[in-house]
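Trainee: Dropping a structure here in structure tokens format, bear with me for questions.
The values are calculated or read from the model by the stated rules, or taken from the named source; none is laboratory data. In this text, all values refer to a predicted model and were calculated from it rather than measured experimentally. Note: ideal-geometry Cβ built from the backbone for every residue, glycine included; neighbour counts use all protein chains shown.
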Amino acid sequence: MIAVRELSPAQLESTLGRTSPVVKLGIALAWLIGLAFTLEVLPPLVMGGMALAAGISIGRIPGERLGRTLAPLWLAAVGIGLFNMLFSAVNQDPAATELVRLGPFRVTEEAAAAGLGLGLRVVAIAAVGAVFALTTDATRLVDSLVQQAKVPERFAYGALAAYQAIPRFAEDLATLRQARRIRGLRGTWHPRLLLGLLVLAIRHGDRMALAMDARAFGSGPRTSYRDVGWTARDGIITLAAFAVLWVALALGR
């Protein structure tokens, strides 16, 4: 079942929850760019660990919920790391130091280090993304993008409407399956369900576009129901995040 999970009041009122979403988005992008330029083991370990610690401590994310969110992503990271370790071209180099032999696979120290580094990068990226998602309200994110980052309202609120429409797909799918059962057809998966979902999505999108046009989105300056401003907290979080990024990359060198 597709669903958009609501954040708890503790998460929304935490230090990270009250930090500007634009600041958190900028930090997340900076960390991801930093991870993209390193293959060492220490930087993703430091950044992933700090992201998890921040999410649990100043983000008030329950450890169980954070673990459930990250479990499939970490399994994917393990698979990516093992695949790159086993099938690395370095394993075919006779001059490379052999670490272990697994059946027909020869694993060298260089390939193991590269696979471990890549897997840890995926783990760190997943941790950063999960902490951002579990401490950021979607509506406040869009308000922050419009007011602080000056993103066009039509685009920002259109993206929010699309995000909030995700749970409706699950309801539409359940309705289509029930309709098939009423007609004596199997309610399991069938390709025609895709066509029905497409038609319903177009109808929902058309109604949403008319509603936004009726409210004159994109026609000029607008007032804001929820004001999102800059605070000293944003500056402290930014400085701390870039300090962690600098230390992690310095350890990698």
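Trainee: Residues ILE202, ILE166: which one is aliphatic (A, V, I, L, M) and under 30 Å from PRO9 (Cα atoms)? Lay out the reasoning, then the answer.
Mentor: Numbers: ILE202 fails: under 30 Å from PRO9 (Cα atoms).
Among ILE202, ILE166, only ILE166 is aliphatic (A, V, I, L, M) and under 30 Å from PRO9 (Cα atoms).
Trainee: Kindly provide the set of residues from the range 201-246 that are surrounded by fewer than 11 Cβ atoms within 10 Å (Cβ to Cβ) and at positive phi, ordered by number.
Mentor: The answer is ALA216, GLY220.
Trainee: Please give the number of the condition PRO9 fails out of (1) at pLDDT 90 or above; (2) over 13 Å from LEU245 (Cβ atoms).
Mentor: In the conditions (1) at pLDDT 90 or above; (2) over 13 Å from LEU245 (Cβ atoms), PRO9 misses (1) alone.
Trainee: Please find, among PHE87, PHE132, the residue that is in the same structural domain as LEU245 (by TED's automatic domain parsing) and surrounded by fewer than 20 Cβ atoms within 10 Å (Cβ to Cβ). Steps first, please.
Mentor: Values: PHE132 fails: surrounded by fewer than 20 Cβ atoms within 10 Å (Cβ to Cβ).
Matching residue, one of PHE87, PHE132: PHE87.
Trainee: Might you check whether a residue that is outside any loop (DSSP other than H, G, I, E, B) and in contact with a strand residue (DSSP E or B) (Cβ under 7 Å, 6 or more places away or on another chain) occurs anywhere in the range 74-86?
Mentor: Our first condition is that a residue be outside any loop (DSSP other than H, G, I, E, B); within the range 74-86, this holds for 74-86.
Still in the list and also in contact with a strand residue (DSSP E or B) (Cβ under 7 Å, 6 or more places away or on another chain): 85-86.
Yes, the range 74-86 contains at least one residue that is outside any loop (DSSP other than H, G, I, E, B) and in contact with a strand residue (DSSP E or B) (Cβ under 7 Å, 6 or more places away or on another chain).
Trainee: Could you grab the pairs with beta carbons closer than 7 Å, sequence gap of 6+ or different chains, first residue in the range 238-253 and more than 16 Å from ALA28 (Cβ to Cβ), second one outside any helix (DSSP H, G or I) and of a type outside the set (Val, Ile, Thr)?
Mentor: From residues that are more than 16 Å from ALA28 (Cβ to Cβ), the pairs are GLY252/GLU40.
Trainee: Check off (1) within 30 Å of ASP172 (Cα to Cα); (2) without any contact (Cβ under 8 Å) to a residue 40 or more places away in the chain; (3) hydroxyl-bearing (Ser, Thr, Tyr) for THR69 and give me the number that stays unchecked.
Mentor: (2)
Trainee: While we're looking at this one, here's another question. Filter the range 160-200 for residues that are surrounded by 14 or more Cβ atoms within 10 Å (Cβ to Cβ), out of contact with any Leu (no Cβ under 9 Å at 6 or more places or on another chain) and hydrophobic (A, V, I, L, M, F, W, C) and give the result.
Mentor: Residues satisfying the conditions are ALA161, ALA165.
Trainee: I've got another one for you. Inside the range 135-157, can you point out the residues that are among the aliphatic types (A, V, I, L, M), within 27 Å of ARG68 (Cβ to Cβ) and surrounded by 21 or more Cβ atoms within 10 Å (Cβ to Cβ)? Steps first, please.
Mentor: Let us first name the residues in the range 135-157 that are among the aliphatic types (A, V, I, L, M), namely 138, 141-142, 145-146, 149, 151, 156.
Those left that are additionally within 27 Å of ARG68 (Cβ to Cβ): 138, 141-142.
Across the range 135-157, the qualifying residues are LEU141, VAL142.
Trainee: Any residue at all in the range 51-58 that is assigned to a helix (DSSP H, G or I), touching an Asp or Glu at 6+ places or on another chain (Cβ under 9 Å) and of a type outside the set (D, E, K, R)? It would help to see each step written out before you state the result.
Mentor: Of all residues in the range 51-58, those assigned to a helix (DSSP H, G or I) come to 51-57.
Cutting the leftovers down to touching an Asp or Glu at 6+ places or on another chain (Cβ under 9 Å) gives us none.
No, every residue in the range 51-58 fails to be assigned to a helix (DSSP H, G or I), touching an Asp or Glu at 6+ places or on another chain (Cβ under 9 Å) and of a type outside the set (D, E, K, R).
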